[in-house]
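The values are calculated or read from the model by the stated rules, or taken from the named source; none is laboratory data. Source: prediction; values computed, not measured. Methodologically, a virtual Cβ is constructed for each residue, glycine included, from the backbone with ideal geometry; neighbour enumeration extends over all protein chains shown. All accessible areas refer to the heavy atoms of the entire protein, side chains included, with ligands and DNA or RNA removed. Shrake-Rupley method; radii C 1.70, N 1.55, O 1.52, S 1.80 Å.
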Amino acid sequence: VSLLPTPRVTAQGVEVVFSGTLTNDSATDKVFLNNIQAALSGDSAAYLTLKFNAFFANVPGVLLPGETYSGAIFGVAVSRLTPAGSYSGALTLRGGADPAAGADLGSASFVVASPLIGILATDPVASEVGPDNGLFTVSRTGSTSTGETVAYFASGTAVNGVTYNSVSSPVTIPSGASSVTIAIAPIPDNLAQGDRIATLSLAGGTYNLDANNTADVTVFDHPIDEWRAQEFGFAANDLSAADTADAEKDGISNLLEYALNLEPLSSDRPPIPVVTGDYLTFSFSPNPLATDIAYWVEASTDLLNWSTTNVEQVIGPTTDPLAPLLFRYKTQVSLTTRAYLRLQVTR
């Protein structure tokens, strides 16, 4: 007698059928299969019931010399009150040379286990930029014939409902499915908080917990807020570190300091337009880490009306993220009375 697989995973209130192989090793004698018995170990007797009909409905009563039967052998009904755990027993086939024989023909052990539930961070990165969601996947092995309700709790430096949209326990793996996802959707803000960790940990229930029962998703701050935390430290959320503030009073706002990769607490000289050849040009090197802001260069002839229409980019961008960009006023200096260029930056 051989069973495959020996352990089976199933939900509460579901019957599980064990399949296997029965072989008559005799080359000359047929064997009668007259009975099947099961010894249930420990608490198994309280929660499992052997379904004899599965044996008698599927297994032939006689195996001819050398004959093999492969298929369903017996079923076990699992009580709806079965707590999470693994339940074992031993199956014994009885029979012999005639329909009345009751000899022990062979035995095999079996295990019926509650569903095995695990969680993985299938997209372990989330960001306030976008925003871009992270993703947890709660999965199970075993029967999918019924829904499985899984409890969990949230922890970590990312705060449920504050750092990301609230997620609530429990979650249900629906009937017919082997998994369900939980999205971590960041709530964008203008606070410098650094990268935070959202942790989901599975709680116990009517299932067994996989070794992977806790997982993390990292929620990344806006790059500009990470920069503020790095440059201003504990004062990163003070008014002096705000986008429009000028912490060191050098005439350059913090937002522009970030955009040009300057030092917000040290006096800097900003790039200014210059005449190159017969054109008014403006060159600057953007901060390659400033992926959450937009740049553009505008032109004016009266300092009142500004537009990008008369501006063209003549150098960049290149594969070198530190390479300067060069813009110029389209009309030659010798052909215009006056012109102005300015750099605009916004989140």
Check: What size of dipole, in debye to the nearest 20, comes out for segment 1-143 about its Cα centre when the only charges are +1 on Lys and Arg C-beta atoms and -1 on Asp and Glu C-beta atoms?
Finding: 340
Next item on the list: Quick one: among Ala158, Ala185, Ala103, which has the greatest mean-square fluctuation in a GNM of the chain with alpha-carbon springs under 10 angstrom?
Entry: Ala103
Notebook entry, point to check: To the nearest 0.05, how large is the calculated FRET efficiency for Leu239 and Ser145 if R₀ is 41 Å and r is the Cβ-Cβ distance?
Noted result: 0.10
Next item on the list: Would you calculate the separation in nanometres between label points at Leu265 and Val111, each defined as 7 Å from the Cα along the Cα-to-beta-carbon direction?
Entry: 5.8
Next item on the list: For the chain, find the longest principal axis of its Cα atoms and tell me its angle to the long axis of helix 223-232, 0 to 90°, nearest 10.
Entry: 70
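Once you have the Cα-Cα distance between Arg80 and Asp278, take 0.36 nm times their residue separation minus that, and quote the gain in nm to one decimal.
Gain on extension, Arg80 to Asp278, equals 62.6 nm.
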Checklist line | Given charges at Cβ of Lys, Arg, Asp, Glu: the chain dipole, positive-most of Gly204, Tyr164, Leu191 | finding: Gly204
Note to self: How much accessible area per residue does segment 222-266 have, counting only protein heavy atoms and a probe of 1.4 Å, in square angstrom?
What the structure shows: 49
Check: Want the number for Thr172 to Tyr340: 0.36 nm per residue separation, take away the alpha-carbon distance, what's left?
Finding: 54.3 nm
Next item on the list: Could you run the Karplus curve 6.51 cos²θ - 1.76 cosθ + 1.60 with θ = phi - 60° over segment 63-70 and give me ³J(HN,Hα) per residue in whole Hz, x for Gly and Pro?
Entry: 10, 6, x, x, 6, 10, 10, 10
Item checked: Candidates Ser267, Ser143, Ser26, ranked by Gaussian network fluctuation over the chain, Cα under 10 Å, top entry -> Ser26
Item checked: Heavy atoms of Ser139: accessible area, 1.4 Å probe, square angstrom to 10 -> 50
Checklist line | Separation of alpha-carbon centers, segment 277-309 and segment 139-159, rounded to whole Å | finding: 51
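Over segment 116-203, give the accessible area per residue in Å² for a 1.4 Å probe, as an integer. Don't jump to the answer; show the numbers that get you there.
Values: 3760 Å² over 88 residues.
On a per-residue basis, segment 116-203 sits at 43 Å².
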Next item on the list: Could you work out how far apart the two model spin labels at Asp132 and Ile315 are, taking each label as a point 7 Å from the Cα in the direction of the beta carbon, and quote it in nm?
Entry: 3.1
Notebook entry, point to check: Assuming R0 = 35 Å, what is the FRET efficiency of Ala100 and Leu120, from their Cβ-Cβ distance, to the nearest 0.05?
Noted result: 0.05
